[in-house]
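Below: one structure, written as structure tokens.
The values are calculated or read from the model by the stated rules, or taken from the named source; none is laboratory data. The shown structure was predicted, so the numbers you read here are calculated from the model rather than taken from an experiment. Note: ideal-geometry Cβ built from the backbone for every residue, glycine included; neighbour counts use all protein chains shown.
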Amino acid sequence: MRELAYYEAKFEALDEIMAADQRVHLINGTFLSLSPHRHVFQNLKQKYGERMVAPPISELGFCGLATGAAMAGLRPIVDLSTGSFIYEAWPQVANEAANAFSMSGGQTRVPVVFHLFHGLRGGGAAQHSGSPQGMLWNCPGLEIVIPSSPRDVKGLLKSAVASDNPTIFVDHTRLLDIRGEVPENDKPIPFGVADIKRTGRDVTVVATSYTVQVALRAAATLAQEGIEVEVVDPRTLVPFDLATILESVEKTHRVVIADETHQSCGVAAEIAARISESGFDKLKAPIRRVSTLDVPVPYSPPLEAHIGPSEERISNAVRATLA
Amino acid sequence: MVSRNNKTSELVEVFRRMWLIRAFEEKASLLYAERQIAGLLHLSIGQEAVAVGACSLLRKNDYVFGGHRSHGHAIACGADIDKLMAELAGRATGYCGGKGGSMHIVAKETGFITATGVVGGTIPLALGAAFAAKERKNGQLAVVFFGDGAGQAGAFHESLNIASLWKLPVIFVCENNGYAEFTPLSAHTKIEYLAQYAETYGIVATTVDGNDLFAVREVMARAIKKCRNNKGPVFVECLTHRMRGHYEGDPAKYRELSQLAEWKKQDPIVRVERVLRKKKLATSQELEAIEAETRALVEKAAEFALTSPLPAAEEIVRDVMT
């Protein structure tokens with residue numbers, strides 16, 4: 001099977017999506033971030049330029065525009081770039097897009113995709129390192145998609161655009177260069193289906209986004225100590241596949257959840273609650289969370305390295321849960 | 001002899017639509033006082049000329065957006081008042097199955113896309129609908145109603161700027177009734193007319209007497225023509241007055257009684273009636289009949305609403321996601 005870089009798979013997805021459906025428009029365009037690969041994005045402009053617009057710095061305005069355009073029959077993908085910028089657009093995402101289908105009694109569909117890069121990026125500091133997916137999970141009506149591999153980003157982006165629900169596509173700049181298998185003629189990946197990224201019998205590590213890659217590295221190190229970790233990647237937060245996680249817990253009896261949202265009311269908190277409610281009798285140890293610490297993200301690199309769900313913190317949590 | 005031509009019947013129909021709004025809002029007020037309607041109720045009594053003046057000239061496939069005071073906008077678009085009253089009463093037979101209520105009316109089949117409970121919330125949405133309309137190149141346009149209070153919201157300014165920059169076919173209709181919630185406009189901004197904001201963004205703007213149906217229609221006809229010919233956006237400010245408080249139950253002590261008396265003289269329905277009588281386009285009997293007929297329709301709507309079932313508990317999880 002061919003191997004692609006994450007950014008290549010993502011670009012391929014956008015190319016195929018734009019070719020397949022004239023209703024898809026791109027609002028803003030840092031889908032490959034400001035990475036060295038951003039020139040690849042120019043290829044898209046040549047082919048689909050009339051369906052790509054660059055608005056002024058008005059997140060509230062252009063996220064509302066994307067939402068309204070979706071209500072009127074288009075299927076826009078709006079790029080917020082840095083995840084923290086969604087806070088500028090919050091009323092349109094949380095109060096309008098999330099609520100429209102329900103508030104209208106099913107009359108209004110909002111097939112919009114809000115794309116963003118979340119998390120610790122190396123020197124982003126407090127205002128450029130946000131991971132808003134925890135808060136967004138608390139807004140009923142939004143789908144939340146969070147890939148961690150080249151195959152997943154391609155398959156999930158296609159499903160996000162095909163979905164008639166407003167969808168938050170949570171990406172991470174640190175994933176852009178990783179490589180992985182992507183089949184030719186791949187199929188869209190359905191939502192609500194978790195993926196076992198590594199099988200193991202000793203501890204279940206549930207991880208999301210870039211933290212999946214960190215967990216895999218931790219797993220490799222732990223394997224040398226004779227600890228076999230099973231890494232489960234939910235791939236979508238809404239809808240959420242609890243069943244696959246519970247199956248894993250049935251086998252391992254121990255859970256560590258690693259995620260980049262801040263600890264309080266974060267993604268790990270919700271997953272822990274769900275596992276505890278439905279799988280309490282399977283557990284032999286309390287569930288452990290490895291989240292970004294509850295502090296505004298500091299600028300200086302050693303400080304930043306200290307607060308995130310690092311390989312070291314994940315490994316320590318795994319060992320602690322076996323102790 | 002009363003001349004019966006298309007224009008006459010159109011005017012009489014427009015007048016009838018204004019009465020339908022008036023009758024509906026007055027009945028809603030009574031039902032609210034009887035606690036048949038929950039939550040907050042914002043009535044547009046006195047502002048009928050803006051809603052009807054604007055919407056009577058639109059096509060069915062144009063996109064209309066409102067705010068929290070939008071029963072009149074929906075009715076002006078042709079909404080079914082039975083389903084509208086049922087929605088206010090939180091019934092399963094309401095437009096939104098009881099999920100939305102007064103501030104979130106959606107009557108999609110009429111072109112009334114959505115109202116919103118957040119001041120300025122639909123202004124960016126209208127931008128998006130106009131964006132979609134422009135792509136289709138078929139002359140569709142978007143209209144968004146909002147009050148003078150929205151003129152100070154970030155969403156308003158971002159939207160005006162983008163609409164102007166991208167020449168979107170959207171008509172911004174500002175119902176300037178002089179009060180943003182409980183304080184006069186002068187407590188919210190130094191500018192006197194919101195049209196001034198629009199001019200800053202390079203948008204053609206006009207301020208008219210919003211209680212003069214004909215003035216509203218005239219300015220809207222020009223705005224619509226511009227937008228259909230891809231020469232939008234346009235800003236239309238309609239000076240008007242809401243005859244009730246900000247919400248039902250608001251004693252509106254912040255208003256001078258004399259001010260209210262002045263505005264009552266400018267009642268938009270009375271003014272149209274005067275024109276119809278003067279130009280002999282309708283007889284007294286016909287005019288009285290219109291009031292009676294619309295009130296009867298509203299009574300029927302209220303009865304439909306109050307005898308409709310409330311939504312079942314299972315409805316909570318329906319239509320959250322497709």
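Against the definition (in a helix (DSSP H, G or I), closer than 25 Å to residue B:99 by Cβ and without any contact (Cβ under 8 Å) to a residue 24 or more places away in the chain), how does residue A:95 come out, yes or no?
yes
Of the residues B:50, B:64, only one is within 19 Å of residue B:246 (Cβ to Cβ), surrounded by 21 or more Cβ atoms within 10 Å (Cβ to Cβ) and not charged (D, E, K, R); which?
None of the other options fit; the residue is B:50.
Quick check on my filter: what residues within region A:88-97 are in contact with a Gly (Cβ under 7 Å, 6 or more places away or on another chain) and either more than 10 Å from chain B (Cβ to nearest Cβ) or surrounded by fewer than 24 Cβ atoms within 10 Å (Cβ to Cβ) (or both)?
The answer is A:91, A:95.
Being at the interface with chain A (Cβ under 9 Å from one of its Cβ atoms) and either within 22 Å of residue B:242 (Cβ to Cβ) or surrounded by 19 or more Cβ atoms within 10 Å (Cβ to Cβ) (or both) is the filter here; which residues of region B:134-152 pass it?
Once the filter is applied, which keeps residues that are at the interface with chain A (Cβ under 9 Å from one of its Cβ atoms) and either within 22 Å of residue B:242 (Cβ to Cβ) or surrounded by 19 or more Cβ atoms within 10 Å (Cβ to Cβ) (or both), region B:134-152 yields B:140, B:142.
Please state which of the following conditions residue A:124 fails to meet, knowing it meets all the rest: (1) farther than 19 Å from residue A:12 by Cβ; (2) crowded, with 24+ Cβ neighbours inside 10 Å; (3) away from chain B (no Cβ under 14 Å).
The number of the failed condition is (2).
Go through region B:86-133 and give me each residue that's more than 10 Å from chain A (Cβ to nearest Cβ), outside any loop (DSSP other than H, G, I, E, B) and surrounded by fewer than 24 Cβ atoms within 10 Å (Cβ to Cβ).
Across region B:86-133, the qualifying residue is only B:110.
Residues in region A:129-154 that are closer than 23 Å to residue A:20 by Cβ and either among the hydrophobic types (A, V, I, L, M, F, W, C) or without any contact (Cβ under 8 Å) to a residue 60 or more places away in the chain (or both): how many?
Total satisfying the criteria: 2.
For region A:107-122, name all the residues that are closer than 18 Å to residue A:296 by Cα and modelled with pLDDT of 95 or more.
Scanning region A:107-122 gives A:117, A:118, A:119, A:120.
What single numbered condition from (1) within 14 Å of chain B (Cβ to nearest Cβ); (2) assigned to a strand (DSSP E or B) fails to hold for residue A:197?
With (1) within 14 Å of chain B (Cβ to nearest Cβ); (2) assigned to a strand (DSSP E or B) applied to residue A:197, the lone miss is (1).
Are any residues in region A:66-87 part of a helix (DSSP H, G or I) and more than 9 Å from chain B (Cβ to nearest Cβ), and if so, which ones?
A:83, A:84, A:85, A:86, A:87, listed by residue number.
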